[in-house]
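Input: a single structure, listed below in structure tokens.
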Amino acid sequence: MTEAIFGPVGRLVVEVVEGMGNFTLLIRSSFQWFFRARVEWRQTLIQMLFIGLESLPVTAMTTFFTGMVLALQSGASSKYFFNEPLFVGTVVAFSMVMELSPVMTALVVSGRAGAAIAAELGTMKVTEQVDALYTLGTDPVRYLVIPRVLAFLMVLPFLSVVSDFTGIFGGWVVAHAKLGIPTTVYWHDIVDNMEPRHFFHGFLKNYVFAFVIAFICCYKGITTSGGAQGVGRATTNAVVYSMVAVLVMDYFVTAVLVALGIP
């Protein structure tokens with residue numbers, strides 16, 4: 001009776017702890033290889049093009065419509081309370097730059113590029129290509145993981161900056177066409193109220209998100225087992241864990257930045 005109740009719980013705890021340990025070992029191994037070996041820059045460039053260039057259209061479109069929704073909602077709310085749309089540009093710019101652009105870009109990239117990376121590495125694992133690298137004297141962490149982590153760290157902040165502009169531009173389209181706000185008023189709201197620290201508040205989050213997404217997707221990929229079904233399961237887990245980790249880390253990073261005076 002006791003084993004039937006506590007057995008599954010114990011196995012789950014052991015599995016979670018073992019997974020966290022292996023994940024930590026992957027991070028440690030990556031840092032060791034990064035500082036003592038030559039980086040595979042060709043692979044890094046390929047991954048940068050795959051993650052960045054191919055993710056650009058979907059991230060730009062997502063944040064463009066997000067900015068439009070923000071402008072419409074803030075304009076309608078201010079009209080309801082003050083009989084005219086006020087500070088629409090400020091609301092859109094602050095919301096996009098400090099919070100929505102980095103978070104939504106990270107979520108979109110994790111769903112697109114993160115899933116592809118997990119599936120690619122998972123396929124290499126179940127077809128024994130990762131084992132073949134060991135046989136040839138090449139560490140898979142140095143050849144497969146580090147280029148993808150570096151690509152995420154280099155590309156995700158750039159994608160977020162592009163998302164800032166597309167989101168603010170989308171807000172301007174609605175503010176000008178739907179709410180009748182003059183272009184000069186919309187942009188003056190942004191220029192007069194936004195400071196560099198507000199930009200860096202959102203920009204610095206991208207490095208944390210990139211680190212989390214890259215390592216989770218690579219870890220789920222190179223630890224795949226169970227054939228084609230295992231690849232599908234690893235890909236799904238990589239996307240889900242990445243998205244949850246982004247939302248969780250967003251709170252803690254925001255709290256740290258606010259404590260450091262970068263609100």
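Quick notes on this one:
- The chain: radius of gyration over Cα atoms, expressed as a fraction of 2.2 N^0.38 Å: 1.19
- Dividing the mean sequence gap of close Cα pairs (under 8 Å, 6+ apart) by how many residues region 159-257 holds gives a relative contact order of 25 percent.
- Order of His188, His201, His176 under a 10 Å beta carbon neighbour criterion, fewest first: His188, His176, His201
- Computed helical MRE - 222 nm, the chain, DSSP H runs ≥ 4 contributing -39500 (n - 2.57), nearest 500: -27000 deg cm²/dmol
- Computed extension gain for Ile27 through Thr183, at 0.36 nm per residue and net of the alpha carbon distance, reaches 51.4 nm.
- Helices in the chain that qualify as membrane-span-like (whole DSSP H runs, Cα extent of at least 24 Å along the helix axis, mean Kyte-Doolittle hydropathy of -1.0 or higher) are 2-36, 56-82, 146-177, 196-222, 227-259.
- Ranking of Ser78, Ser110 by count of other Cβ atoms within 10 Å, fewest first: Ser78, Ser110
- Anchor Lys178: aspartates and glutamates whose Cα lies under 18 Å away (excluding residues fewer than 8 positions away in-chain): Glu84, Asp189
- For the chain, relative contact order (Cα pairs under 8 Å, six or more residues apart, normalised by length) works out to 30 percent.
- Exposure proxy ranking, count of Cβ atoms within 10 Å, fewest first, for Leu49, Leu156: Leu49, Leu156
- Between region 217-263 and region 135-158, the Cα center-to-center distance that results, in Å: 17
- Test item: Cα-centred dipole of the chain, Lys/Arg +1 and Asp/Glu -1 on Cβ, debye: 340
Values in this text are rule-based calculations from the coordinates and carry no lab data. These figures come from a predicted structure and were not determined experimentally. Positions of Cβ are generated from backbone atoms using ideal geometry, with glycine treated the same way; all protein chains shown enter the neighbour counts.
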